[in-house]
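The values are calculated or read from the model by the stated rules, or taken from the named source; none is laboratory data. What you see is a predicted model; the values in this text were computed from it and never measured. Every residue, glycine among them, receives a Cβ derived from its backbone with ideal geometry; neighbour counts consider all protein chains shown.
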Amino acid sequence: MILHMINKTSLKFVGIFVVVIIAALAAIYYANYYFSPEQKALRYYAELERQYREDTYGGKTPEETLQLFIDALKAGDIELASKYFVVEEREKTKKTLQDEFKVDGNFDYMITGLQKLKRTTGKHNPDEKAFFIIVGEDGIVADQVLLVKNTNSVWKIVDM
């Protein structure tokens, strides 16, 4: 008797309701999965890896990269100069260089200092890292630049 009371319209309503509930649960599960910290980290590192693979700015030697960077600064091309840095440091470096460029004399002073850098030999692996330093008259390192070899064999500035 109860079956006779249920008509096609009621069955359609119940069917649609069940489909909507399943779709909502699937959407919630997907959102929790997609926006989880683990998935965000995986996407971030995959994107970073892609950027490193496609990065062609830099030289085949650390000296060449440093010279390309200096040449870009001499030309006043801050955008290009920032591209000689590792991907994670580009935006910060670009802002720093733009701030330095606005102050008269700072840019020329920076370029002069960079041209005085000398490559050091140390215990680090010279095929993967290169340190350039300026030693003051007191024998203490006054300035330094660190370069590393990128995954596609292009040398990049990490820190200065």
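Taken over region 33-64, the criterion of being farther than 15 Å from Glu88 by Cβ, assigned to a loop (DSSP other than H, G, I, E, B) and of a type outside the set (A, V, I, L, M, F, W, C) is satisfied by Ser36, Thr56, Lys60, Thr61.
Only one entry in Gln115, Gln98 is more than 24 Å from the chain's Cα centre (by Cα) and either of a type in the set (Asp, Glu) or exposed (fewer than 13 other Cβ atoms within 10 Å of the Cβ) (or both), namely Gln115.
Candidates Leu117, Leu97, Leu80: the one that is in contact (Cβ under 8 Å) with a residue 40 or more places away in the chain and not charged (D, E, K, R) is Leu117.
Collect the residues in region 127-158 that are assigned to a loop (DSSP other than H, G, I, E, B) and in contact with a helix residue (DSSP H, G or I) (Cβ under 9 Å, 6 or more places away or on another chain), keeping them in residue-number order. Before you say what the answer is, go through the steps one by one.
Restricting attention to region 127-158, the residues satisfying the condition of being assigned to a loop (DSSP other than H, G, I, E, B) are 127-128, 136-140, 150-154.
Listed by number, the residues that qualify are Asn150, Thr151, Asn152, Val154.
Tyr52 - would you say it is under 28 Å from Gln144 (Cβ atoms), surrounded by 12 or more Cβ atoms within 10 Å (Cβ to Cβ) and modelled with pLDDT under 85?
Working: under 28 Å from Gln144 (Cβ atoms): yes; surrounded by 12 or more Cβ atoms within 10 Å (Cβ to Cβ): yes; modelled with pLDDT under 85: yes.
Answer is yes for this residue.
Regarding Ile157, is this residue among the hydrophobic types (A, V, I, L, M, F, W, C) and more than 12 Å from Thr65 (Cβ to Cβ)?
no
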